[in-house]
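The values are calculated or read from the model by the stated rules, or taken from the named source; none is laboratory data. These numbers come from a predicted model, not from an experiment. Every residue, glycine as well, gets a Cβ built from its backbone with ideal geometry; the counts of neighbours run over all protein chains shown.
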Amino acid sequence: MTKRIFGGAFAVSLIAILSSVALVLGIAYNNEQQLFIRQLSQQAMLLAATMDNTTPEDDVKSLEKLSADIHGVFENRITYIDPEGNVLYDNKADITTMENHLNREEIAEALNSGTGTAIRQSSTMSETTVYCARVIGFGCVVRVSGTMDTVLARIGSMWWEVLLVVIAAALVSMGVAALVARAVVKPINSIDLKNPDIGESYGEIAPLLHRIRDQNKEIDLRIEELTRSRREFSLITENMSEGFIIIDSRTEVLSYNSAALKILGGDAEHSEIKSVLALNRSEAFRKAVEDSLAGKRSETDLTLSDRVYQIIATPALNGDKVSGAVIIILDITEKESREELRREFTSNVSHELKTPLTTIYGISDMLVGGIVKPEDITGFARNIRDEAGRMITLIEDILKLSQLDENSFTDRQEQVDILTLAQLAAERLTPMAESSHVTISVTGSRAEFTGISSVLEEMIYNLVDNAVKYNKPGGRVDVEVTDGADDITVTVADTGIGIPAGSADRIFERFYRVDKSHSRKIGGTGLGLSIVKHGAALHGGTVSVSSKEGIGTTFTLTLPKK
């Protein structure tokens, strides 16, 4: 602030001094010019008085005689012009080369009022020429002219003196500016911004001091409110049984509760630790933190001391930028136990239902074969057989899901060609595709993968089966197998009815159907995609979907190479 005031005061004082000097020089030059004009006017008047005023020829002779008599004394230029503007005499120039002067300003003025004056600048010569004309007998005009330096030429001739004046003005301005800056800033620097005394400072900044005082009060209230909110937040989080951690974008812990330290095995040392990764060094916890700081919500399970915890890491966004993450640690041991009981129940019920349903299917098959009066009950028997077959398929799918959940497959892992599995699935589904006027194509290269062959075959079959069932007449199903450097990718793309945006995240749930009426018409158990998802997880892979309603759907199955 001092520098700005100094600069402003210096500029103002320097401009004021230089302007004053320029004004004085201008006034002095103007007075000198007026004096020069008066001298020329007096000379013109004296010339007019000394001439005989008989005839123009006599006047010219008088001027020539007068010029010869005072040669070397009277240095100004004398010009004699007749009433028509013709130059009859000039003591400095050849009159034969001179043009008509009737339109000259000073001549026209003299012929009109008796006397005339004109000033003309010469930028090339840096001179100012003054002309004074006076009318004498016979309407003739005698003109006297002289030259003087212009203002710039006059200043240029004494540049050293001007430079000294500018330097002196700058030094004086600097001194004045320094005094003004100190005088202005001193009272401002002495203001106590916490408790400003408005009466002792400048009246001009009183509104600012009022605002500072009001803002101080508002800031104190905000700090008090934030402190209270922090106490309440701490009280709530400390009484949570769930772990709670807030981190910044560098994984440094900003806030936490005691439950988080207790769950993660923290102690007094951990309370001083900076990085959240130091609380737990497991791969699952680290990945959850990294995913959240990359902008993705992450959920993972973590087993600690015979208990299962769910880690939920949610990114904290500031616009489009991730500024940190919130980590919630939930104890889901009981939930997992109930889920285990539910899986066991599903397995037991499936086994209990399979035998009677198989019997129903056998009897229905006999009825369809005409053994018992087929003309009466063929249609009913066919329905029983179809429903029984669908229920058997459902039970088989439930069993497969149960095995996937428990990882209880008895089949050994073996090396299989994923492209061959895709081709087999296409062959099995070709009759159904042809009846629906759907074309299936399989492209790609051999891709050897070590896994459970039956599960992999079922996964690919379910994806192609869905693509055919939910397609349109005349549609296509394109299966592509890509053998990458780190993984194998199976892409199943169709031109079918697509999946609504709100259902894309739920299609892998068990028994979930986007359009139940349409699903009943085309068959299926509602477990195919769930089997795909669990089968992919069993082999360390993932399955994703992208779809546009009415345009088509693409499933991507990724299997990492081991």
Legend entry - The listed residue being in the same structural domain as Q43 (by TED's automatic domain parsing), at pLDDT 85 or above, over 60 Å from the mean Cα position of the chain (by Cα) and in a loop (DSSP other than H, G, I, E, B), out of G85, G72: G85
Inset, instruction - List the number of the failed condition for S13; all other conditions in (1) without any contact (Cβ under 8 Å) to a residue 12 or more places away in the chain; (2) within 30 Å of L163 (Cβ to Cβ) hold. - result: (1)
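Among L424, L401, which is the only one that is within 25 Å of D487 (Cα to Cα) and at pLDDT below 85?
Working: L424 fails: at pLDDT below 85.
Just a single option satisfies the conditions, and that option is L401.
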Inset, instruction - Could you tell me whether any residue of region 105-117 is modelled with pLDDT under 75 and either closer than 24 Å to Q43 by Cβ or surrounded by 12 or more Cβ atoms within 10 Å (Cβ to Cβ) (or both)? - result: no
Legend entry - Flag if E84 is under 30 Å from L23 (Cβ atoms) and among the acidic types (D, E): no
Legend entry - Near pairs, Cβ below 6 angstrom, 6+ apart or cross-chain, from region 428-446 (without any contact (Cβ under 8 Å) to a residue 40 or more places away in the chain and within 20 Å of V416 (Cα to Cα)) to any residue that is among the hydrophobic types (A, V, I, L, M, F, W, C) and not in a loop (DSSP other than H, G, I, E, B): V442/A422; V442/A426; V442/V479; G444/L419; G444/V481; R446/L419
Inset, instruction - Considering only residues that are assigned to a helix (DSSP H, G or I) and in contact (Cβ under 8 Å) with a residue 40 or more places away in the chain, look in region 40-56 and name the one that is surrounded by the most Cβ atoms within 10 Å (Cβ to Cβ). - result: A44
Inset, instruction - Report yes if some residue within region 7-17 is surrounded by fewer than 14 Cβ atoms within 10 Å (Cβ to Cβ), in a helix (DSSP H, G or I) and touching a strand residue (DSSP E or B) at 6+ places or on another chain (Cβ under 9 Å); otherwise report no. - result: no
Inset, instruction - Please work out which one of (1) within 23 Å of D411 (Cβ to Cβ); (2) surrounded by 14 or more Cβ atoms within 10 Å (Cβ to Cβ) is the condition V492 fails and give its number. - result: (1)
Inset, instruction - For region 224-253, enumerate the residues that are surrounded by 13 or more Cβ atoms within 10 Å (Cβ to Cβ) and among the aliphatic types (A, V, I, L, M). - result: M240, I245, I246, I247, V253
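Here is a yes/no grid of residues against (1) in a strand (DSSP E or B); (2) surrounded by fewer than 17 Cβ atoms within 10 Å (Cβ to Cβ):
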site	(1), (2)
V455	no, no
L463	no, no
V468	no, no
G474	no, yes
E480	yes, no
I488	yes, no
Inset, instruction - Taking T558 as meeting all but one of (1) in a loop (DSSP other than H, G, I, E, B); (2) modelled with pLDDT of 85 or more, write down the number of the exception. - result: (1)
Legend entry - Among (1) without any contact (Cβ under 8 Å) to a residue 24 or more places away in the chain; (2) farther than 30 Å from E406 by Cβ; (3) among the hydroxyl-bearing types (S, T, Y); (4) in contact with a strand residue (DSSP E or B) (Cβ under 7 Å, 6 or more places away or on another chain), the one test that S323 misses: (1)
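Looking only at region 437-484, which residues are charged (D, E, K, R) and over 26 Å from E414 (Cβ atoms)? Full working, then the answer.
First pass over region 437-484, keeping only residues charged (D, E, K, R): 446, 448, 457-458, 465, 469, 472, 476, 478, 480, 483.
If the condition is that a residue be charged (D, E, K, R) and over 26 Å from E414 (Cβ atoms), then K469, K472, R476, D478 are the ones that fit.
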Inset, instruction - Determine which single condition E509 fails, assuming it passes every other condition in (1) within 43 Å of the chain's Cα centre (by Cα); (2) modelled with pLDDT of 90 or more. - result: (2)
